[in-house]
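Beneath this line is the structure, given in structure tokens, with notes to follow.
The values are calculated or read from the model by the stated rules, or taken from the named source; none is laboratory data. Just so we're clear, the structure is a prediction, and the values are computed from it rather than from any experiment. Methodologically, a virtual Cβ is constructed for each residue, glycine included, from the backbone with ideal geometry; neighbour enumeration extends over all protein chains shown. SASA here: full protein model, heavy atoms, side chains in, ligands and nucleic acids out. Shrake-Rupley method; radii C 1.70, N 1.55, O 1.52, S 1.80 Å.
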Amino acid sequence: MISWKMYDVAIVGAGPAGSAAARACAGAGLSTLCIEEHASPGLPVQCAGLLSVDAFEECRVSERSVLNRVRGARVISESGAELSFDAGTTKGYIVDRTALDAEMVMAAAAAGAEFRLKTAVVGVEEGRLVTLGVRGREEVAARMVIAADGSRSGVARMLGMARPPVFLSGIQAEVPLERERHLVEIHPNAAPQFFAWVIPAGAGRARVGMCGTENVRENFFRFARPYLSSVTHLVTGAIPLGTMPQTYGHRTLFVGDAAGMAKPTSGGGVYTGVRAARHAAAVAVSCCESDDFSDRALADYERRWKEDFGRELAQGMKFFRFRQEIAPAQVDRLIAVMADPEITDLIVRYGDMDRPDVLIRHLLTKKKILMSFGIIAAPTVRAFLKEMIRDAN
């Protein structure tokens with residue numbers, strides 16, 4: 001069946017990035033359709049649910065989804081070395097992603113966007129989407145597409161677009177557990193390629209998880225065994241790191257995880273995804289007004305998001321590569337050095353979950369931090385330190 005209505009924009013995926021794009025496009029007067037394969041936005045939950053203050057504010061929702069607020073973190077090494085800091089003010093929100101996503105969908109619908117749930121995109125051509133869902137098989141006409149369909153992005157695969165270079169595997173369990181409610185726990189050595197976490201999700205509950213590139217299942221159950229006597233929710237997922245080489249083409253813009261915009265330092269993708277979605281919406285408006293959907297016109301989207309947060313993603317990937325070269329004993333040493341009050345003060349003053357580059361550059365002005373890397377001789381590490389020190393100065 002062919003849908004005879006021509007939409008200005010069809011958005012694939014109703015997560016935070018897709019809903020933000022739908023709200024912005026509809027609010028600007030574009031006829032907007034958002035297609036979501038699941039029956040409920042936000043399900044299945046594949047997110048730790050820790051959002052920075054800025055990321056939460058970017059979502060433009062009420063606080064109904066907020067379960068807890070955190071002010072800092074404890075970083076705990078394999079040897080027991082510990083770095084702890086508390087900013088004394090809210091630095092992040094622990095949210096119910098199902099509730100947050102649903103509120104973002106409702107806001108987009110109130111702005112005029114149409115939604116089709118339980119509908120998958122199974123074919124893509126310029127100006128046409130083939131969908132399969134509760135309405136059967138349909139062809140949907142659209143002047144352009146915004147792909148916000150997550151890390152596996154069927155739209156990108158069907159269009160033959162190059163994908164992000166790195167994919168992390170993640171596992172998380174929600175468990176009954178009492179923890180200090182205002183601090184997130186980070187365990188870097190539990191997952192040698194990334195880290196593990198314990199996130200307080202409210203009174204008597206916590207989210208225990210980890211991400212990595214190798215042996216993630218085995219490492220997770222080794223780390224989480226003390227917490228798993230009772231599990232209320234267990235989920236797996238993938239996080240793409242490193243943006244795809246080109247985030248536009250074939251009348252399509254790629255946003256959020258579909259484009260590989262997760263932060264390589266933390267794996268979080270809501271902040272970058274929602275900001276990219278608004279850049280995509282602005283370009284969609286421009287393209288529809290000029291009736292120009294060429295790659296030359298679409299390229300303005302990539303320019304916009306790179307000017308916004310491209311540097312942070314690029315530097316984050318360098319830090320991720322650098323992380324792969326550090327052995328557990330070296331992580332222990334670094335944590336012990338960073339526990340110095342002078343260093344923790346820098347973390348409190350300059351720490352930013354969404355833009356960590358500023359903090360990293362400040363840390364690398366400290367001689368004791370640089371001295372802690374003296375035993376690391378890998379070329380990747382030397383190149384990273386040299387570049388970051390140059391930028392810091």
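Mind telling me which of the residues 209, 202 ends up being of a type in the set (Gly, Ala, Ser) and either in contact with a Lys or Arg (Cβ under 7 Å, 6 or more places away or on another chain) or at negative phi (or both)?
Numbers: 202 fails: either in contact with a Lys or Arg (Cβ under 7 Å, 6 or more places away or on another chain) or at negative phi (or both).
The conditions single out 209.
Can you name the condition, by its number, that residue 277 falls short on among (1) crowded, with 20+ Cβ neighbours inside 10 Å; (2) over 20 Å from the mean Cα position of the chain (by Cα); (3) more than 30 Å from residue 175 (Cα to Cα)?
Residue 277 satisfies every listed condition except (2).
In the stretch 1-44, which residues are in contact with a strand residue (DSSP E or B) (Cβ under 9 Å, 6 or more places away or on another chain), more than 16 Å from residue 256 (Cβ to Cβ) and modelled with pLDDT under 95?
Across the stretch 1-44, the qualifying residues are 1, 2, 3, 4, 5, 6, 44.
Looking at (1) surrounded by 20 or more Cβ atoms within 10 Å (Cβ to Cβ); (2) of a type in the set (Ser, Thr, Tyr); (3) in contact with a Phe, Trp or Tyr (Cβ under 8 Å, 6 or more places away or on another chain), can you tell me which one residue 77 breaks?
For residue 77, the failing item is (3).
Pull up the stretch 159-177, narrow it to residues that are in a loop (DSSP other than H, G, I, E, B) and in contact with a strand residue (DSSP E or B) (Cβ under 8 Å, 6 or more places away or on another chain), then point me to the one that is nearest to residue 230 (Cα to Cα).
Residues of the stretch 159-177 that are in a loop (DSSP other than H, G, I, E, B), as a first pass: 159-165, 177.
Next cut, in contact with a strand residue (DSSP E or B) (Cβ under 8 Å, 6 or more places away or on another chain) only: 159, 161, 163-165, 177.
Details: 159: 43, 161: 42, 163: 37, 164: 36, 165: 36, 177: 9 Å.
Out of the qualifying residues, it is 177.
Could you go through the stretch 36-44 and let me know if any residue there is open to solvent by less than 40 Å² (accessible area, probe 1.4 Å) and either out of contact with any Leu (no Cβ under 9 Å at 6 or more places or on another chain) or farther than 16 Å from residue 107 by Cβ (or both). Break it down into steps so the answer makes sense when it comes.
Within the stretch 36-44, the subset open to solvent by less than 40 Å² (accessible area, probe 1.4 Å) is 36, 41-42.
Checking the rest, the ones that are also either out of contact with any Leu (no Cβ under 9 Å at 6 or more places or on another chain) or farther than 16 Å from residue 107 by Cβ (or both) come to none.
No.
Can you work out which of the residues in the stretch 87-105 that are of a type in the set (Val, Ile, Thr) and farther than 22 Å from residue 262 by Cβ is least open to solvent (accessible area, probe 1.4 Å)? If you could, list the steps in order and put the result at the bottom.
Taking the stretch 87-105 and keeping what is of a type in the set (Val, Ile, Thr), we get 89-90, 94-95, 98, 105.
Filter once more, so that each one left must be farther than 22 Å from residue 262 by Cβ: 89-90.
Numbers: 89: 75, 90: 47 Å².
Among them, the one singled out is 90.
So residue 151 fits all but one of (1) in a loop (DSSP other than H, G, I, E, B); (2) closer than 25 Å to residue 78 by Cα; what number is the exception?
Residue 151 satisfies all of (1) in a loop (DSSP other than H, G, I, E, B); (2) closer than 25 Å to residue 78 by Cα except (2).
Residue by residue, here is whether (1) under 29 Å from residue 261 (Cβ atoms); (2) modelled with pLDDT of 85 or more; (3) over 24 Å from the mean Cα position of the chain (by Cα) holds:
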| residue | (1), (2), (3) |
| --- | --- |
| 327 | no, no, yes |
| 349 | yes, yes, no |
| 369 | yes, no, yes |
| 372 | no, no, yes |
| 378 | yes, no, yes |
| 388 | yes, no, no |
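On the given criteria, is residue 282 at pLDDT 95 or above, open to solvent by 10 Å² or more (accessible area, probe 1.4 Å) and touching a Phe, Trp or Tyr at 6+ places or on another chain (Cβ under 9 Å)?
yes
Do we find that residue 120 is surrounded by fewer than 22 Cβ atoms within 10 Å (Cβ to Cβ) and either modelled with pLDDT of 95 or more or part of a helix (DSSP H, G or I) (or both) in this structure? First the steps, then the outcome.
Numbers: surrounded by fewer than 22 Cβ atoms within 10 Å (Cβ to Cβ): yes; either modelled with pLDDT of 95 or more or part of a helix (DSSP H, G or I) (or both): yes.
Yes.
Given the condition of a type outside the set (A, V, I, L, M), at pLDDT 95 or above and either touching a Lys or Arg at 6+ places or on another chain (Cβ under 6 Å) or open to solvent by 20 Å² or more (accessible area, probe 1.4 Å) (or both), answer yes or no: does some residue in the stretch 140-147 qualify?
First pass over the stretch 140-147, keeping only residues of a type outside the set (A, V, I, L, M): 143.
Still in the list and also at pLDDT 95 or above: 143.
Still in the running and either touching a Lys or Arg at 6+ places or on another chain (Cβ under 6 Å) or open to solvent by 20 Å² or more (accessible area, probe 1.4 Å) (or both): 143.
Checked the stretch 140-147: at least one residue is of a type outside the set (A, V, I, L, M), at pLDDT 95 or above and either touching a Lys or Arg at 6+ places or on another chain (Cβ under 6 Å) or open to solvent by 20 Å² or more (accessible area, probe 1.4 Å) (or both).
Take the conditions among the small types (Gly, Ala, Ser) and free of Cβ contacts under 8 Å to residues at least 40 places away in the same chain and apply them to residue 336. Does it pass? Full working, then the answer.
Working: among the small types (Gly, Ala, Ser): yes; free of Cβ contacts under 8 Å to residues at least 40 places away in the same chain: no.
Answer is no for this residue.
Taking residue 290 and the conditions (1) open to solvent by less than 50 Å² (accessible area, probe 1.4 Å); (2) modelled with pLDDT of 95 or more; (3) not aromatic (Phe, Trp, Tyr), which numbered condition does it fall short on, given that it satisfies the others?
Going through the list (1) open to solvent by less than 50 Å² (accessible area, probe 1.4 Å); (2) modelled with pLDDT of 95 or more; (3) not aromatic (Phe, Trp, Tyr), residue 290 breaks only (1).
Could you go through the stretch 301-309 and let me know if any residue there is within 25 Å of residue 93 (Cα to Cα), more than 23 Å from the chain's Cα centre (by Cα) and either of a type in the set (Asp, Glu) or not in a helix (DSSP H, G or I) (or both).
No; the residues of the stretch 301-309 include none that is within 25 Å of residue 93 (Cα to Cα), more than 23 Å from the chain's Cα centre (by Cα) and either of a type in the set (Asp, Glu) or not in a helix (DSSP H, G or I) (or both).
Based on this model, can you work out whether residue 359 counts as within 24 Å of the chain's Cα centre (by Cα), assigned to a helix (DSSP H, G or I), among the hydrophobic types (A, V, I, L, M, F, W, C) and closer than 22 Å to residue 187 by Cβ? Working first, answer last.
On the way: within 24 Å of the chain's Cα centre (by Cα): yes; assigned to a helix (DSSP H, G or I): yes; among the hydrophobic types (A, V, I, L, M, F, W, C): yes; closer than 22 Å to residue 187 by Cβ: yes.
Considered against the rule, which asks whether it is within 24 Å of the chain's Cα centre (by Cα), assigned to a helix (DSSP H, G or I), among the hydrophobic types (A, V, I, L, M, F, W, C) and closer than 22 Å to residue 187 by Cβ, residue 359 comes out as yes.
Quick one: in the stretch 200-216, of everything that is open to solvent by less than 10 Å² (accessible area, probe 1.4 Å) and in a strand (DSSP E or B), which residue is nearest to residue 91 (Cα to Cα)?
200
When residues of the stretch 155-170 are filtered for being more than 15 Å from the chain's Cα centre (by Cα) and touching a residue at least 60 places away in the same chain (Cβ under 8 Å), how many remain?
Quick first cut of the stretch 155-170, residues more than 15 Å from the chain's Cα centre (by Cα) only: 155-163, 165.
Applying the additional criterion that residues be touching a residue at least 60 places away in the same chain (Cβ under 8 Å) yields 155-156, 159, 161-163, 165.
Selection size over the stretch 155-170: 7.
Look through 84, 65 and report the one residue that is of a type in the set (Gly, Ala, Ser) and buried (at least 22 other Cβ atoms within 10 Å of the Cβ).
Values: 84 fails: buried (at least 22 other Cβ atoms within 10 Å of the Cβ).
Checking each option against the conditions leaves just 65.
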